Amino acid sequence: MMTQIACHRGARLCAPENTCPAFEAALAQGGDVLEFDVRQTRDGVLYVMHDETVDRTTNGTGPIAEMTSKEVDALDAGAWFDTRFAATPVPRLDAFLDAFKSRAAFYIEVKWADCDAIAQIIHRLDIAAQCYTCSFSEEMHLGMLRAAPDVAQMVHWRRGPPEVLTEKFDATIVEFYASDDAENDFTLENVRAAQAAGLATQVYSDTVSPALFAQIRDWGVGCLNTDHVSDFHAFRTAQDSPKAP
Ligand code: G3P
Ligand code: CA
C-alpha cells in the first residue's frame, strides 16, 4: 500500500496557503489530496480560508464572516507571501473544487460555514466520492454528517475511543497527531486499535523526519497530512524504486 499525501493548505511552504497556486504546487510535487479550510461571508458565500480574520493571509482586515463576498473577492491573498503572487484571489469554494476535481481528492476541513451549502456544492459537482471532511468543531462535524452523509467523515483520534468515533461521528477515517510533546497520539498501539476497528488512518505532522516517515510506512498508515509534500513524495518514491543488485 502506498501512503497518500494530503497537502496541508496546499504546498504552503512554496506558495500562499489555501490559494490556487499553492494547490497547483502541491499536485506538481506529487500530492494526492488537497487539504483546505472553509469559511463563509456575511452574505453566505463559501471561501477557502484558514483564519477567522483575513488579516494574516490577505491585504485586508477583519473577520471574514462580517465581510461581503464583493469585499473578499477584491482581496489580495498572495502578496503577503511573496510579491510574485500579488493579486492572487481568495478562492471561492465552488470554483476551486471545480477547477481541481479532475486531478485531486479533497480533505475539506470545515472551520465555520453553512454545512448544507457545502453539501450542495459537493453534490452539484458530483465529487462526494473523492471528498472527506473533518472539523475541530463538533457542531460543524455533525452538520456535515447530516448534510452530506455520502461524504466520508474523518475524526481526530483524541475525540474518543474507536466505538465513539464510528458510532457518534460515523467515522471511517481517523487522524493522529504526530509531535514531540504530550499532544502526540501517533503510537503503534493507537494505530493498531484504529485498524482493528476498521478505520482508515491518517497522520498529521508539520515536520520532516525520516524516523516518522519510516513509522508511517511500517505501520501501514494510509495518508500523511503535511506541509512537506515534496519530502514525503521523495521518501515514498525511493521506497518503491527497485534496489541495485
Ligand atoms: O487535520 C487537521 C490539520 O489539517 C490541521 O489543520 O487548519 O489546524 O492547520 P489546521
Ligand atoms: Ca486545516
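The values are calculated or read from the model by the stated rules, or taken from the named source; none is laboratory data. Just so you know, these numbers come straight off a predicted model, no measurement behind them. Counting neighbours? That spans all protein chains shown, and the Cβs are built from the backbone with ideal geometry, glycine included. Calculation scope for accessible area: heavy atoms of the full protein, side chains included, ligands and nucleic acids excluded. Shrake-Rupley method; radii C 1.70, N 1.55, O 1.52, S 1.80 Å.
Working carefully through the options 146, 158, find the one that is open to solvent by 70 Å² or more (accessible area, probe 1.4 Å), more than 12 Å from ligand 1 (Cβ to nearest atom) and either in a loop (DSSP other than H, G, I, E, B) or not hydroxyl-bearing (Ser, Thr, Tyr) (or both).
Working: 158 fails: more than 12 Å from ligand 1 (Cβ to nearest atom).
146 is the lone residue from the list that is open to solvent by 70 Å² or more (accessible area, probe 1.4 Å), more than 12 Å from ligand 1 (Cβ to nearest atom) and either in a loop (DSSP other than H, G, I, E, B) or not hydroxyl-bearing (Ser, Thr, Tyr) (or both).
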Name the pairs whose Cβ atoms lie under 7 Å apart, with the first residue in segment 164-189 and closer than 18 Å to residue 208 by Cα, the second open to solvent by 80 Å² or more (accessible area, probe 1.4 Å), and 6 or more positions between them or separate chains? 177/183; 185/158
Checked against (1) within 17 Å of residue 48 (Cα to Cα); (2) open to solvent by 10 Å² or more (accessible area, probe 1.4 Å), residue 122 satisfies every condition except (2)
Could you please find all residues in segment 214-234 being over 14 Å from the mean Cα position of the chain (by Cα) and surrounded by 22 or more Cβ atoms within 10 Å (Cβ to Cβ)? 216, 221, 232
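Sort out which residues of segment 18-43 are assigned to a strand (DSSP E or B) and either away from ligand 2 (no atom under 16 Å from the Cβ) or of a type in the set (A, V, I, L, M) (or both), and write them in order of number.
Pass one, segment 18-43, residues assigned to a strand (DSSP E or B): 33-40.
Hits for segment 18-43 are 33, 34, 38.
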Specify the residue that is surrounded by the most Cβ atoms within 10 Å (Cβ to Cβ); the eligible residues are those in segment 1-12 that are part of a loop (DSSP other than H, G, I, E, B) and within 15 Å of ligand 2 (Cβ to nearest atom). 10
Single unsatisfied condition, residue 101 versus (1) away from ligand 1 (no atom under 16 Å from the Cβ); (2) more than 21 Å from residue 225 (Cα to Cα): (2)
Unique residue being under 17 Å from residue 3 (Cβ atoms) and in contact with a helix residue (DSSP H, G or I) (Cβ under 9 Å, 6 or more places away or on another chain) when the list is 178, 193: 178
Give the residue, chosen from 141, 50, that is touching a residue at least 12 places away in the same chain (Cβ under 8 Å), buried (at least 22 other Cβ atoms within 10 Å of the Cβ) and either of a type outside the set (A, V, I, L, M) or within 16 Å of ligand 2 (Cβ to nearest atom) (or both). 141
Criterion: under 28 Å from residue 68 (Cβ atoms) and of a type in the set (A, V, I, L, M, F, W, C) - qualifying residue of 110, 164, 155, 203: 110
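Inside segment 119-139, can you point out the residues that are within 16 Å of ligand 1 (Cβ to nearest atom) and not charged (D, E, K, R)?
Residues of segment 119-139 within 16 Å of ligand 1 (Cβ to nearest atom): 131-138.
131, 132, 133, 134, 135, 136, 137, listed by residue number.
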So residue 203, is it in a helix (DSSP H, G or I), touching a residue at least 12 places away in the same chain (Cβ under 8 Å) and of a type outside the set (Asp, Glu): no
